[in-house]
1. Output the relative contact order of region 3-222, whole-number percent, from Cα pairs under 8 angstrom with separation of 6+ residues.
2. Work out from phi, with θ = phi - 60° and the Karplus expression 6.51 cos²θ - 1.76 cosθ + 1.60, the ³J(HN,Hα) of each residue of region 67-73, listed in order in whole Hz, and give x for Gly and Pro.
3. Across region 189-200, in residue order, what do the Karplus-derived ³J(HN,Hα) couplings come to in whole Hz, using 6.51 cos²θ - 1.76 cosθ + 1.60 with θ = phi - 60° and x for Gly and Pro?
4. Cα to Cα, under 12 Å, and not fewer than 8 places away if on the same chain: which aspartates and glutamates meet these conditions relative to K149?
5. So which trypsin sites (Lys or Arg not before Pro) in region 95-155 are both in a DSSP loop and have at most 10 other Cβ atoms within 10 Å of their Cβ?
6. How would you classify the chain from its alpha-carbon gyration tensor, with a ≥ b ≥ c the square roots of the eigenvalues: rounded for a/c under 1.5, else prolate if a/b is greater than b/c, otherwise oblate?
7. Distance in nm between label sites at L116 and V98, each 7 Å beyond Cα in the beta-carbon direction?
8. Tell me, what HN-Hα J-couplings in whole Hz come from the Karplus equation 6.51 cos²θ - 1.76 cosθ + 1.60 at θ = phi - 60° for each residue of region 24-31, using x for Gly and Pro?
Amino acid sequence: MSTYLLINILIIFFPLVLSFDKNLMFYKKVPYVLQSIAFISTAYIVWDVIATERGDWAFNPEHLIGFYILDLPLEEILFFITVPYACIFIFETVSFYVKEVKFNFNNKLFLISAVLLIIFGIIFYNQNYTFTVSIFTAAFFIGAILFNKYLLASRNFWITMLISFLPFLIVNYFLTSIPVVTYNDAAFSAMRFITIPYEDFLYSFSMISLWILFYELAKEKKK
């Protein structure tokens, strides 16, 4: 078994098993999870294909099974399924067990953040990873303001983000230290937290946030 495949299995194992918990009954919400994955993961996979083709990052064949889709390892495609499933499961678990509290945030704060991220991306447009992840993060803030401003004020959303970043650090550390994924220093700031590029923090924040946003929108549409 490849290292990357094993990581994918470990990511989804407990959320998948606990999906049938009689209290959470998360399995009933899987259709909304799949809608979010279909939309957001597809966008990130397209970016992934372009970035890999461009040489922003690469995958170590020693830790892969060797099967590719659109020139991406199968494990990389699975990553965009296992991670959102696990993160949305965390969000639903937090929402079930933690009483919701709405923060009194002014949406102008997030709009300013989006504008600053766009400016930051433009300034570093020659660093492909830095530019793209800045734009995607700005897109989340703008999307949330337009379509679900209450998500940004949700304490459970921010708790979910904090919890999700713990496995993010563990998984990304293994992916970048083994390494399973290698980065082209010209594509980002070349600054790292241990072995993790700083841009990965924005990358993960934007992905998890967008998955949750579109998951919530899918549930609202059903209602």
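We did not get these values from a lab; they are worked out from the coordinates using the rules stated. These figures come from a predicted structure and were not determined experimentally. Every residue, glycine among them, receives a Cβ derived from its backbone with ideal geometry; neighbour counts consider all protein chains shown.
1. About 29 percent, as a whole number.
2. 9, 10, 10, 6, 6, 9, x
3. 5, 6, 9, 9, 9, 6, 10, 9, x, 4, 4, 4
4. E216
5. For trypsin sites (Lys or Arg not before Pro) across region 95-155 that sit outside H, G, I, E and B with at most 10 neighbouring Cβ atoms in 10 Å, the list reads K99.
6. It comes out oblate by the Cα gyration axes.
7. According to this spin-label approximation, the distance is 2.3 nm.
8. With coefficients 6.51, -1.76 and 1.60, one gets 6, 6, 4, 4, 6, 9, 4, x Hz.
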